[in-house]
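In what follows, a single structure is set out as structure tokens and then discussed.
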Amino acid sequence: MTDRTNWKAKLSSDAYHVTRQAGTERPFTGVLLNEDRSGTYLCKCCGSTLFDASAKFDAGCGWPSFDKQTSDGNVGYREDSSHGMQRVEIYCLSCDAHLGHVFRDGPTETGQRYCVNSLSMDFKTSDGEKIAG
């Protein structure tokens, strides 16, 4: 589903803006920010596995933060010089959905802080409940 018309039909306008137009949700507003159950975070667009809940931590930045992606390797990286900043964008390798950015200031042994928009993900609990971001 790479056709814009199909993505617009599948996603809310806010999720479309974030995932297909590299937008950013306002900090501290995401549904998944304070989610603390065990489970897996999936790409909102294609359902690919992105992050395990065990890698999540509270970075205090206003977006869900993780110190590593899952071993599935579905998160890609590219330079982002938008808005006058030098950052590394993270995106879904399966469908090219914008997820957020990764920074090298994480507090764990990985040194990584994947700062991810809730709107770019869904959460599947260990019990099988699915929460839309």
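Read the figures in this text as sums done on the coordinates, not as results from a lab. Since we're looking at a predicted model, the values are computed, not measured. With ideal geometry, Cβ positions are generated from the backbone for all residues, glycine too; neighbour counts draw on all protein chains shown.
Structure values in brief
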{"item": "Inter-probe distance in nm under a simple model that places probes 7 Å from Cα toward Cβ, at Asp58 and Thr125", "result": "2.0"}
{"item": "Low-density loop cleavage sites - GluC sites (Glu not before Pro) in the stretch 46-116, where at most 12 other Cβ are within 10 Å (DSSP)", "result": "Glu109"}
{"item": "Filter on Lys10/Lys44; Lys8/Lys124; Lys10/Lys56; Lys10/Lys68; Lys8/Lys68 - keep pairs with C-alpha separation over 20 Å", "result": "Lys8/Lys124; Lys10/Lys56; Lys10/Lys68; Lys8/Lys68"}
{"item": "Electrostatic dipole magnitude of the stretch 4-132 [Cβ: Lys, Arg +1; Asp, Glu -1; Cα centre; debye, to 20]", "result": "440"}
{"item": "Peptides ranked, highest mean first, by Cβ atoms within 10 Å: ranges 90-101, 57-68, 25-36", "result": "90-101, 57-68, 25-36"}
{"item": "log10 of Debye I(q)/I(0), alpha-carbon scatterers only, for the chain at 0.09, 0.11, 0.14 Å⁻¹", "result": "-0.22, -0.34, -0.56"}
{"item": "Cβ charges +1 (Lys, Arg) and -1 (Asp, Glu), total dipole of the stretch 67-133, debye", "result": "100"}
{"item": "Net charge over other residues, Cβ less than 11 angstrom from the Cβ of Pro64 (K, R count +1; D, E count -1)", "result": "-2"}
{"item": "Net charge over other residues, Cβ less than 11 angstrom from the Cβ of Arg78 (K, R count +1; D, E count -1)", "result": "-3"}
{"item": "Within the stretch 102-132, backbone nitrogen closer than 14 Å to the virtual label 7 Å beyond the Cα of Met85 toward Cβ", "result": "102-105, 113-117"}
{"item": "Inter-site label distance for Asp14 and Glu109 at 7 Å from Cα along Cβ, in nm", "result": "3.7"}
{"item": "Percentage relative contact order, the stretch 4-132, counting C-alpha pairs under 8 Å, at least six apart", "result": "28"}
